[in-house]
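Following: one structure in structure tokens, then a few remarks.
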Amino acid sequence: MNYQKGVGLIEILASILILAIAVLGFIALQYRSLDIAAEALKRVEAINLARNLAERIYVNKTAYSDYKSIATSISTATSCLNTAGCNATAFAAKDLADIKAQATARGMSIGVDTCPNTTNGRQCIFVAWDVTKAEKGSCTETDSFVYKADAKCVVVEAF
């Protein structure tokens, strides 16, 4: 009687199938890690934009209340460099125009609004990307700092 020696075709096919499934799993992991890295990069850019605007608000404290009202309407502003007639409100408009231009170049939007659940009038800087809007209710729950599910935004509490 002759007995089979070596590996049969079925065993080889089964091992190739298992290997192919494992390789597809690794490919899926790599793809997901690229998505997570891109999201992390967007968050870092958003935090940097918000920090930049917060520093500008801190420097221009006399126009503190103007930043919220100007943020909804400003698209461009004239430069106050080498201009004698500029005031704090004009500087605020220029600051917001600069930051909005930087945000737009990165595919983001930026907004300033009163922070949720605060009685002292603190302002929050909202930076959002993709389909999320840079405002309360779109980025966070209306009266809290809880981010909405699938919201693509960063909220930074300013002064």
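The values are calculated or read from the model by the stated rules, or taken from the named source; none is laboratory data. It should be emphasised that the depicted structure is a prediction, and the values quoted were computed from it without experimental measurement. Backbone-built Cβ (ideal geometry, glycine too); neighbour counts: all protein chains shown.
Within segment 88-121, the set of residues being aliphatic (A, V, I, L, M) and more than 28 Å from ALA38 (Cβ to Cβ) comprises ALA88, ALA90, ALA92, ALA93.
Of the residues in segment 68-78, not one is assigned to a strand (DSSP E or B), of a type in the set (D, E, K, R) and at pLDDT below 90.
Scanning segment 11-42 for residues that are at pLDDT below 95 and either over 26 Å from GLY107 (Cα atoms) or in contact with a helix residue (DSSP H, G or I) (Cβ under 8 Å, 6 or more places away or on another chain) (or both) turns up GLU11, ILE12, LEU13, ALA14, SER15. Residues in segment 117-159 that are surrounded by fewer than 17 Cβ atoms within 10 Å (Cβ to Cβ) and touching a residue at least 40 places away in the same chain (Cβ under 8 Å): GLU157, PHE159.
Against the conditions (1) touching a Ser or Thr at 6+ places or on another chain (Cβ under 7 Å); (2) exposed (fewer than 15 other Cβ atoms within 10 Å of the Cβ), ASP35 satisfies every one except (1).
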